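Asker: Please read through the structure below; I'll follow up with questions.
Quick note: the coordinates plus some simple rules give every number you see, no bench work behind them. Small disclaimer: the values here were computed from a predicted structure and weren't measured. In this analysis, Cβ positions are derived from the backbone assuming ideal geometry, glycine residues included, and neighbour counts consider all displayed protein chains.
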């Protein structure tokens, strides 16, 4: 009779250990799922951004050549476009936190708590 309570406590401790192992595995799987969701989302956005950059670069070369034709020399068009993008870059740099950091951070947080 004395062994029955001891066996019950041991069985309870074994079940508690199994429960904790199962909970730990569940948390690991949830973290892996969230991480893979975030990484795959970022990867697809990166691919789209690369494609957009390629299109914009080719478009910019065309615009620079047209501007250069209008201004008399081809390199004038490239200088004009470079000056335009320098100004755009300064504006972007002044607002980088509001335009890039916050939206990216919010997107990652939304994905993590989805």
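Asker: Somewhere in region 56-78, is a residue surrounded by 12 or more Cβ atoms within 10 Å (Cβ to Cβ), under 22 Å from the mean Cα position of the chain (by Cα) and part of a helix (DSSP H, G or I)?
Answerer: No: region 56-78 contains no residue that is surrounded by 12 or more Cβ atoms within 10 Å (Cβ to Cβ), under 22 Å from the mean Cα position of the chain (by Cα) and part of a helix (DSSP H, G or I).
Quick grid of which residues meet (1) more than 38 Å from the chain's Cα centre (by Cα); (2) within 23 Å of residue 112 (Cα to Cα); (3) surrounded by 10 or more Cβ atoms within 10 Å (Cβ to Cβ); (4) in contact (Cβ under 8 Å) with a residue 12 or more places away in the chain:
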position	(1), (2), (3), (4)
4	yes, no, no, no
12	yes, no, yes, no
26	no, yes, yes, no
29	no, yes, yes, no
37	no, yes, yes, yes
41	no, yes, yes, yes
54	no, no, yes, no
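Asker: Let me ask you something else. Give just the number: which of (1) assigned to a helix (DSSP H, G or I); (2) in contact (Cβ under 8 Å) with a residue 40 or more places away in the chain does residue 114 not satisfy?
Answerer: Against the list (1) assigned to a helix (DSSP H, G or I); (2) in contact (Cβ under 8 Å) with a residue 40 or more places away in the chain, residue 114 comes up short only on (1).
Asker: For the condition more than 28 Å from residue 38 (Cα to Cα) and in contact with a helix residue (DSSP H, G or I) (Cβ under 6 Å, 6 or more places away or on another chain), what is the one hit in 90, 67?
Answerer: Within the list 90, 67, the selection yields 67.
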